[in-house]
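Participant: One structure is given below, represented as structure tokens, and several questions about it will come after.
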Amino acid sequence: MTKFLLISEDSEKERIVKETFASDEVITSIDEMMIFDTLKVEEPEIVIIDGDLNSLELKPLCRKIKQFPVVILLIVGEVRHNKDVTHNVNLFIKTPLDKKLLAATIDASMQTRQSLIKMTKANQELARSLYQLNVLYNTSSQLAGTLDKDKLLKIMVEGIEKSLNFELSCTLMFRSEREPVLIINSLYKISDRLLEALKLRAILSYKSLLSDPPFDIKIGNLKIEKNIKHNVKEYDFSVLRYDNLFAPITSSDEFFGFTEIYREKQFSTEDATCFQTLVQQVTIPLQSASFTQELKTTNRKLQKLERLKSEFISIVSHELRTPLTAIKNAMDIILSGKAGEMTENIQKFVSMGKRNAIRLSGIINDLLDISKIEAGKMDFKFELTHIEPVIEYVKNNLTVVAKEKDLTLKYTPSEASPEIYADSNRLEQVLTNLVSNAIKFSPSAGTIEISSRVINARELQYDHCFEEDIKKLQGNYLQVCVEDQGIGIERKDLNHVFDKFAQIENSLSRQVGGSGLGLPIARQLMESHNGAIWCDSEINKGSRFYFVIPIANDKSNFNMIKKQIIQKARSSGGTAAIINIKSTSSIIDNLMKEENLLNKTYLTNSLVEKDGEMTSLSMVILDGDKPACEFLKKKIDTITAQKENVYGKCDIMYSYEIEGDVHEKDSYSR
């Protein structure tokens, strides 16, 4: 049945309208207040206005009626109306009224109205769907930006709230295997008995979802977190009668929890689809977060085991070194004849014992070195030096040992004598190891040649198995080579030469023995010098071991200083900050001239690199931390803002890294 509102004082027109729409309800009125009360209370669909009406002014009347969701039909009679009236009317019909024409006009208008209503509804649903899709997209983007479980679930709940406008949500999650948490988000505060009901409902849902629950949740061990928006009223049991949606948060092999939402207004099929999609979106990031957490836990355990191993090796090595020193001293005294005369056999066995004590001492020293390197506690004293004194020292020390096998040590120095930034003692250790190996694995009456030269990284020649170590090198390097005429190494074994405790299996290696740590230590020491070490070899023709160290320049020196400071920070459990400021050359120059800005503490270990108009200033600071980096940025921003006549509208890019137990990076521009 259709409702009509007829605004007319003509009884004939009223009769015709009522007869035409006898099966419908026709309300007649000419009182303005009654007209608008009828529109508000009765909500008619059609308003018929008599154009010959004299008791009301039609212009404001039509304009006010148009604000209601109705179809307005104007009966056009003798009175002519201007556009101010006709503009606010939907339909027209002329007098005298014809019942069939009137009925047809109203019928057509009703069909049009229904179509418009459907179109409006469809547009509203489309707008709502587009909004939900936008929420889904934004939520997906936010979920991809974190691996924190709490944040992931918070983002999911916020996405559900934006798209579905729930009154209450309950989300069960596990912060750890034994820490279940029920997170309640509510429009209004909730009563105590409703809270107990929600807890019980969550426990029952959990048990029904899993046939064999890994953890027994009870009321007492279920932690509650409440997020209440308004305290103006309180929800009670009645909220449980609202329409609700429920979804488990689970992947194929892992259960993360579930979420349930309540809303007084009924959910549509599209709402349920949106809800399920949002819940599914969070499962993959949660799975990644779990994997990451497991990886972190495993890494912590491995680091702990590594520390325990290093500490064990260090303790055992120190405990062995003390009695070994006493044994060596006793043997020296016996061999010197101070303890009395010795027979030839006694001297032979004591000498054998001394040699083995020296060998054992070398193994202990190797164990201590490798444990220090792995623990990040190896001390370095980098300084500008030359390679020639290092090579001469090692050559002189090992000449006697070489002569015992009738071997000749030969040194061919480089034509140039470039400076390197290095720790001479550690270079002696590397070279001693290489030359000692060459002596051990060379047959008698041969030559071992040591050479050095300057070479560019692009000219280095090496087997592909060393590519990962060498391809990162850039610029000019000092290359040292130790070449022997020994037994050689098969090509398939080159990749394992620098592995810990590795000795290439052959009859001679079994005879000479060793700890298998010398070359791994050499490799670690070269990495600490920003260099590399590798070898090539031919069976029964000999081997060539190479190592390279960057030629001293501002950048290589800075990198060595950086490594040294980071090493100190790690060994002491502290931190080191590497700060980078990039801008135009003039701005960097002016910043370096500012008094009390980049003081000596900052500039002592710094590097300036120019690239066209742009310049970077890098500084490394022991005990530097994030607040120090942020403070420096604020100081620079303040000075450049105060001195616009010097700096103008400058663009400065800042970045920093904090190295130590925790490695943190950040970058930002003004």
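The values are calculated or read from the model by the stated rules, or taken from the named source; none is laboratory data. Computed from a predicted structure; not experimentally measured. Heads up, the Cβs are rebuilt from the backbone with ideal geometry, glycines too, and the neighbour counts pull from every protein chain shown. Remember, those area values only see protein heavy atoms, side chains included, never the ligands or the DNA or RNA. Shrake-Rupley method; radii C 1.70, N 1.55, O 1.52, S 1.80 Å.
Participant: Taking region 359-389 only, how many residues are at pLDDT 80 or above, open to solvent by 40 Å² or more (accessible area, probe 1.4 Å) and not acidic (D, E)?
Facilitator: 5
Participant: Output the residues belonging to region 170-205 that are modelled with pLDDT of 90 or more, basic (K, R) and touching a strand residue (DSSP E or B) at 6+ places or on another chain (Cβ under 8 Å).
Facilitator: Residues satisfying the conditions are K189, K199, R201.
Participant: Something else about it: In region 88-111, which residue that is assigned to a loop (DSSP other than H, G, I, E, B) and touching a residue at least 12 places away in the same chain (Cβ under 8 Å) is farthest from L53 (Cα to Cα)?
Facilitator: N90
Participant: Another one. Here is a list: T584, T575. Which entry is out of contact with any helix residue (DSSP H, G or I) (no Cβ under 9 Å at 6 or more places or on another chain), open to solvent by 40 Å² or more (accessible area, probe 1.4 Å) and touching a residue at least 24 places away in the same chain (Cβ under 8 Å)?
Facilitator: Just a single option satisfies the conditions, and that option is T584.
Participant: Would you call S141 under 54 Å from the mean Cα position of the chain (by Cα) and crowded, with 18+ Cβ neighbours inside 10 Å?
Facilitator: no
Participant: Continuing with the same structure: Tell me yes or no: at least one residue of region 610-630 is under 16 Å from I566 (Cα atoms), without any contact (Cβ under 8 Å) to a residue 24 or more places away in the chain and not aromatic (F, W, Y).
Facilitator: Looking for residues that are under 16 Å from I566 (Cα atoms), without any contact (Cβ under 8 Å) to a residue 24 or more places away in the chain and not aromatic (F, W, Y), one finds none in region 610-630, hence no.
Participant: Looking at (1) modelled with pLDDT under 90; (2) open to solvent by less than 30 Å² (accessible area, probe 1.4 Å); (3) farther than 27 Å from I358 by Cα; (4) not acidic (D, E), find the lone condition where Q567 falls short.
Facilitator: Against the list (1) modelled with pLDDT under 90; (2) open to solvent by less than 30 Å² (accessible area, probe 1.4 Å); (3) farther than 27 Å from I358 by Cα; (4) not acidic (D, E), Q567 comes up short only on (2).
Participant: Do the conditions hold for D623, that is, is it under 33 Å from the mean Cα position of the chain (by Cα), under 28 Å from K568 (Cα atoms) and at pLDDT 85 or above?
Facilitator: yes
Participant: While we're looking at this one, here's another question. Does K492 count as closer than 21 Å to L427 by Cα and either open to solvent by 40 Å² or more (accessible area, probe 1.4 Å) or at pLDDT 90 or above (or both)?
Facilitator: Considered against the rule, which asks whether it is closer than 21 Å to L427 by Cα and either open to solvent by 40 Å² or more (accessible area, probe 1.4 Å) or at pLDDT 90 or above (or both), K492 comes out as no.
Participant: For a quick check of your reading: which strands (runs of 3 or more DSSP E) sit entirely within region 398-480 and have at least 2 residues that are over 49 Å from the mean Cα position of the chain (by Cα), of a type in the set (V, I, T) and over 25 Å from N559 (Cα atoms)?
Facilitator: Those strands (runs of 3 or more DSSP E) span 408-412, 447-456.
Participant: I'd like the full set of residues that are open to solvent by 80 Å² or more (accessible area, probe 1.4 Å) and in a loop (DSSP other than H, G, I, E, B), limited to region 1-21.
Facilitator: Matches in region 1-21: M1, E9.
Participant: Then there is this: With the condition kept exactly as written, say whether any residue in region 208-231 is of a type in the set (S, T, N, Q), surrounded by 12 or more Cβ atoms within 10 Å (Cβ to Cβ), part of a strand (DSSP E or B) and touching a residue at least 12 places away in the same chain (Cβ under 8 Å).
Facilitator: no
Participant: Here's something else I'd like to know. Please verify whether S208 is modelled with pLDDT of 85 or more and either under 23 Å from the mean Cα position of the chain (by Cα) or over 16 Å from P248 (Cα atoms) (or both), treating the condition exactly as stated.
Facilitator: no
Participant: Continuing with the same structure: Residue check, L367 against (1) touching an Asp or Glu at 6+ places or on another chain (Cβ under 8 Å); (2) part of a helix (DSSP H, G or I), all met but one. Which one?
Facilitator: (1)
One line per residue, one yes/no per condition, for (1) in a strand (DSSP E or B); (2) over 15 Å from T259 (Cα atoms); (3) open to solvent by less than 10 Å² (accessible area, probe 1.4 Å):
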| site | (1), (2), (3) |
| --- | --- |
| F166 | no, no, no |
| S169 | yes, no, yes |
| F174 | yes, no, no |
| V181 | yes, no, yes |
| I184 | yes, no, yes |
| K189 | yes, yes, no |
| A197 | no, yes, no |
| A202 | no, no, yes |
| S205 | no, no, no |
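Participant: Residues of region 91-122 being closer than 23 Å to P60 by Cα and either among the charged types (D, E, K, R) or open to solvent by 90 Å² or more (accessible area, probe 1.4 Å) (or both), which ones?
Facilitator: Within region 91-122, F92, K94 qualify.
Participant: While we're looking at this one, here's another question. Keeping to region 520-535, report how many residues are touching a strand residue (DSSP E or B) at 6+ places or on another chain (Cβ under 8 Å) and open to solvent by 10 Å² or more (accessible area, probe 1.4 Å).
Facilitator: Going through region 520-535 one residue at a time, the tally reaches 2.
Participant: Residue check: is E158 at negative phi, without any contact (Cβ under 8 Å) to a residue 60 or more places away in the chain, surrounded by 15 or more Cβ atoms within 10 Å (Cβ to Cβ) and touching a helix residue (DSSP H, G or I) at 6+ places or on another chain (Cβ under 9 Å)?
Facilitator: So E158 fits the description; yes.
Participant: Which of the numbered conditions does E294 fail, given that it passes all the others? Conditions: (1) touching a residue at least 60 places away in the same chain (Cβ under 8 Å); (2) acidic (D, E); (3) more than 30 Å from D369 (Cβ to Cβ).
Facilitator: If we test E294 against (1) touching a residue at least 60 places away in the same chain (Cβ under 8 Å); (2) acidic (D, E); (3) more than 30 Å from D369 (Cβ to Cβ), just (1) comes out false.
Participant: Please pick out the residue among Q287, Q281 that is surrounded by 12 or more Cβ atoms within 10 Å (Cβ to Cβ), free of Cβ contacts under 8 Å to residues at least 40 places away in the same chain and within 23 Å of K154 (Cβ to Cβ).
Facilitator: Q287
Participant: Report the residue count in region 529-548 for those that are of a type outside the set (A, V, I, L, M) and touching a Gly at 6+ places or on another chain (Cβ under 9 Å).
Facilitator: 7
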